[in-house]
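**Q** First, the structure itself, so that you have it in front of you.
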Amino acid sequence: MHPDSRSSGSVSRRQWLRMTAAQAALAPVLQAGLSSGLSAAETYEPLQRYPRMVHNWTVAQVEAALERKERRLERLQNQADAEAYVKSVQGKIRRCFGPEPERTPLNANVTGVLERDTYKVEKVIFESRPGFPVTANLYLPLGIDKPVPGVIGTCGHSTTGKGEPAYQSFAQSLARLGYACLLYDPIGQGERVQYLDENLKSHIGVGVHEHLHAGNQQFLVGEFLGAWRAWDGVRALDYLLTRKEIDKDQLGVTGNSGGGTMTTWLCGVEPRFTMAAPSCFVTSFLRNLQNELPADTEQCPPLAISLGLDHDDFLAAMAPKPVIILSKERDYFDVRGGDEAYARLQRLYELLGAKDQVGRFVGPTTHGYSQENREAMYGWFHQATGAGPAPKEPELQIEKDADLWCTPHGQIGEAEGVRTIFDFTREKAERLAKSRGQVSGKALQGAITQVLQLPPSPETAPDYQIYYRLGSRDYPAPQAIAYAVDTEPGVQAIVYRLHEERWFSRPQAGGAPAVLYLSHHSSDAELRSEPLVKELIAANPKAAFYTCDVRGIGESQPDTCGTDSFLLAYGSDYFYAIHGLMLDRPYLGQRTFDVLRVLDWLADVGHTRIHLAGNGWGALPAALAGVLSDKVQQVTLKHALTSWSELASAEDYHWPLAAMPPNVLAHFDLPDCYRALQEKKLRQIEPWGPLAGEA
């Protein structure tokens, strides 16, 4: 989520809704394909009559999932019920995270040592996957005469990763208190920047930005960045257990914010941990959604909400081992959600006969692993290991970041043979393309339905409202009427019909053909400025002309997640796309379903021949609905994505997460759709590659 503070300070939420140079590259997509006409667009107020629709629908889905979870918890009556619940959440977590990779050789080496008064810091590099090194610092007490408890330290969002003072502080303190702590750099931070430029800096942006850029793209090949991040933690534990200094029966994990996320996930996927202390993360998916708080890709496990999982379930997976939830009173992670998680865990642990093994601490300050939370962690681990009363934090010596480097210049990526996370994504896309082959006919339709998780269409046509007359607004017709077509409960696709006359109480068809144009970002703007609209009208003079804003586009573009956040990498379109993946309702599938229901509506009012056109972002649901619907006789696509394989194989890209269905490349690719649409007179205009029209 948002980057951690330096030490114990806080970071403004708005700071991390701003565009970096890399994210700004997405902004031209808004205007791409809209040609001239900016002056006309500026003449009129934008039509945005449904700005809360997508948010309200998503909240309702998450609330329903939480209610189902609560009912299940209420049915737990005894220890056997509680044990069955723990086992069930362990299985569900594994479904979200996928199978574990092969445990390949760690190839670990120590590149240097810092000798200090009562401890030392070893500079360690190990491989979590072949060619994928992890840089870490191992803090060890001096004079070890018997094995000591070992702790894996997970870093939150900071440019320096393990060099961040707050994270040095807890690792160093643990060593001074008699623990060993292995503190490792996350992907995209510290010495593990994945998108290096010639100056050994990230050309994407450290932390959040690299996580989103790499993580979004991974979904295309069925990977989840959270699983990759957690696997680094699992292999860190593997390395720690190779050390003779470590007591293999006393193994802890702790971290803050993004490190709190990883601590929480590791509780769910790694059974060898015996104690845990996640800080400044645990709340609930619903609280984050209600508070319009975007989270990094790795913080949003696919399928999790649909399977009834919440943050507390990842901690429940290690029950009845000791775990404490550390929060802050003034955090953007809603402390109320932490209280709710604690209450659920208390009941579960009580049924397991271990109520005193779950703890809660809320610090008074802002987001960050500040001293009061660190001391609560030390006390909890002391209790778990039988080390005595809770200690105060020792006096610390904070190191310069460069002194902790495991590499000569602070970046492992400059070493020979190192692979980036993008390399793995590209290679898997290539393997899937070779094994998949071409898909066609019913198999293609079935694959589209499966990947997009399309629900069955009702047998009856959707209802609709005629909610206002638009007049002309410089559209290429004297009049226009807006219809809100009910595609599923709580969701409307907004359809405009161009008219010569002023008003109809219902659309007039009489068997006439129709053109349905799916907008890139706004029917209102594109009716005034998009050349394809005028071309389609001129080429189909006897056809009724309709446009459609699917959910989250145009009139229902959300007004959430900060001011004008729609196109930001961390903005509202991403926010609902990532929730769609957690709900097992991919956003592209939701939008394609809207198109299918509008096609049902057009057929119901009497249009027998439909020419479906899509532009930019709208070209994707147009292509997919065109393959699925027998109501479509002709398809025109402008600025359609060339292929998902190309997108997965490009280090730089400008398409949003909403355009990336999960694991699609295991099943089909867009060229399969384009071949199928040849029988519907497919016309392609200026297809877009991964850079979405940008050079």
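The values are calculated or read from the model by the stated rules, or taken from the named source; none is laboratory data. Everything numeric here is computed off the predicted structure, so don't read it as measured data. Glycine also receives a Cβ, built like all others from the backbone with ideal geometry; neighbour counts cover every protein chain displayed. Keep in mind that these areas ignore ligands, DNA and RNA; they rest on the heavy atoms of the full protein, side chains included. Shrake-Rupley method; radii C 1.70, N 1.55, O 1.52, S 1.80 Å.
**Q** How large is the Kirkwood hydrodynamic radius of the range 515-649, in angstrom, based on all distinct alpha carbon pairs?
**A** Taking every pair of different Cα atoms in the range 515-649, averaging 1/r and inverting gives 15.6 Å.
**Q** Still on this structure, I have one more. Note the angle between two axes, namely the Cα long axis of helix 208-218 and the longest principal axis of the Cα atoms of the chain, as a number of degrees from 0 to 90, rounded to the nearest 10.
**A** For 208-218 against the chain, the angle is about 60 degrees.
**Q** According to a simple spin-label model (label point 7 Å from Cα along Cα-to-Cβ), what is the distance in nm between Lys120 and Asp339?
**A** Spacing of the two 7 Å Cα→Cβ label points: 4.9 nm.
**Q** Return the Rg/Rh value of the range 437-685, two decimal places, where both radii are evaluated on C-alpha atoms and Rh is the Kirkwood radius.
**A** Reported Rg/Rh, Kirkwood definition of Rh: 0.94.
**Q** For helix 619-628, report the angle its Cα long axis makes with the longest principal axis of the Cα atoms of the chain; keep it between 0 and 90° and round to the nearest 10°.
**A** 70
**Q** Place a label point 7 angstrom from the Cα of Arg330 along the Cα-to-Cβ direction, then list the residues of the range 151-192 whose backbone nitrogen is under 16 Å away.
**A** none
**Q** Using the Karplus equation 6.51 cos²θ - 1.76 cosθ + 1.60 (θ = phi - 60°), what ³J(HN,Hα) coupling, rounded to whole Hz, does each residue of the range 334-345 give in order, writing x for Gly and Pro?
**A** With the stated coefficients, the range 334-345 comes to 4, 5, 4, x, x, 4, 5, 4, 4, 5, 5, 5 Hz.
**Q** Then there is this: Over the chain, what relative contact order in percent results from Cα pairs under 8 Å that are six or more residues apart?
**A** Relative CO of the chain lands at 17 percent.
**Q** Can you say what percent of the DSSP beta bridges in the chain, counting only those with both residues inside, are antiparallel? Round to 5.
**A** So the antiparallel bridges amount to about 45 percent of the total.
**Q** Here is a follow-up. What ranking do 284-296, 82-94, 520-532, 100-112 get when scored by the average of other Cβ atoms within 10 Å per residue, highest first?
**A** Numbers: 284-296: 20.6, 82-94: 17.4, 520-532: 24.2, 100-112: 12.5.
Descending mean neighbour count gives 520-532, 284-296, 82-94, 100-112.
**Q** Given R₀ = 45 Å, FRET efficiency for Thr111-Ile685 by Cβ-Cβ distance, to 0.05?
**A** Working: r = 55 Å, r/R0 = 1.21.
The calculated FRET efficiency here is 0.25.
**Q** A follow-up question, please. Stretch Thr563-Glu399 to full length: gain in nm at 0.36 nm per residue minus the Cα-Cα span?
**A** 55.1 nm
**Q** Let me ask something else. What full-extension length gain, to one decimal in nm, is calculated for Arg347 and Arg431 as 0.36 nm per residue of separation minus the Cα-Cα distance? Before the final figure, lay out the partial values.
**A** Working: separation 84, 0.36 × 84 = 30.24 nm, distance 4.69 nm.
Going from the current span to full extension adds 25.6 nm.
**Q** Also: Please work out how many pairs of lysine residues in the range 437-685 are eight or more positions apart (or on different chains) and have Cα atoms closer than 17 angstrom.
**A** So the count works out to 8.
**Q** What order, most packed first, do the peptides 580-586, 539-545 have when packing is the mean number of other Cβ atoms within 10 Å of each residue?
**A** 580-586, 539-545
**Q** Below 8 Å between Cα atoms, with a sequence gap of 6+, how large is the relative contact order for the range 437-685 in percent? All intermediate terms of the calculation are to be shown ahead of the outcome.
**A** Details: 464 pairs, mean separation 54.5, N = 249.
Taking the mean separation of contacting Cα pairs over the length of the range 437-685, I get 22 percent.
**Q** Stick to the Cα atoms of the range 245-317, pair each with every other, and give me the Kirkwood hydrodynamic radius in Å at one decimal. Intermediate values should be presented prior to the final figure.
**A** Values: mean 1/r = 0.0772 Å⁻¹.
With all distinct Cα pairs of the range 245-317 included, I get 13.0 Å.
**Q** For the pair Glu501 and His409, how long in nm is the line joining their label points, each one 7 Å along Cα→Cβ?
**A** 7.3
**Q** Right, here's the next one. Over the chain, with the other protein chains present, what is the accessible area per residue in square angstrom, probe 1.4 angstrom?
**A** With the other protein chains kept in place, the chain gives 35 Å² per residue.
**Q** Another question about this same structure. Mind giving me the FRET efficiency for Thr242 and Arg71? R0 is 45 Å, r the Cβ-Cβ distance, nearest 0.05 is fine.
**A** E between Thr242 and Arg71, to the nearest 0.05, is 0.50.
**Q** If amide H atoms are built 1.01 Å from N in the plane of the peptide, which residues on other chains or at least 5 residues away come under 5 Å of the amide H of Thr135?
**A** Asp185
**Q** Count the lysine pairs in the range 76-414 whose Cα atoms lie under 12 Å apart, taking only pairs 8 or more positions apart in sequence or on different chains.
**A** 5
**Q** Mind checking the full-extension length gain between Arg49 and Gln678? Use 0.36 nm per residue of separation minus the Cα-Cα distance, one decimal, nm.
**A** Working: separation 629, 0.36 × 629 = 226.44 nm, distance 3.68 nm.
Computed gain between Arg49 and Gln678 is 222.8 nm.
**Q** Return the carbon/sulfur percentage of the accessible area of the range 76-414, one whole number, probe 1.4 Å, all protein chains in place.
**A** That share works out to 50 percent.
**Q** Quick one: Karplus J couplings for the range 470-482, per residue in order, coefficients 6.51, -1.76, 1.60, θ = phi - 60°, nearest Hz, x for Gly and Pro?
**A** 7, x, 9, 6, 6, 6, x, 6, x, 9, 8, 10, 9
**Q** Which loop-located GluC sites (Glu not before Pro) does the range 344-413 contain, where loop means any DSSP state but H, G, I, E or B and the Cβ has at most 15 other Cβ atoms within 10 Å?
**A** Sparse-neighbourhood loop GluC sites (Glu not before Pro): Glu395.
**Q** Could you sort 477-490, 605-618, 254-267, 402-415 so that the peptide with the highest average Cβ count within 10 Å comes first and the rest follow in order?
**A** Listed from highest to lowest mean packing, they are 254-267, 605-618, 477-490, 402-415.
**Q** Which three extents, in whole angstrom, do the alpha-carbon atoms of the chain cover along their principal axes, largest first?
**A** Each principal axis gives a Cα extent; for the chain these are 90, 58, 47 Å.
**Q** Points 7 angstrom from Cα along the Cβ direction at Arg469 and Ala84: gap in nanometres?
**A** 6.3
**Q** At 20 °C and 1.002 mPa s, what whole-number value in µm²/s does Stokes-Einstein give for the translational diffusion of the range 76-414, with Rh from the Kirkwood sum over Cα pairs?
**A** D = 108 µm²/s.
**Q** Using a probe of 1.4 angstrom, how much of the accessible area of the range 437-685 is carbon and sulfur, in percent? Provide the component values of the computation, followed by the final result.
**A** Numbers: 3820 of 7980 Å².
That share works out to 48 percent.
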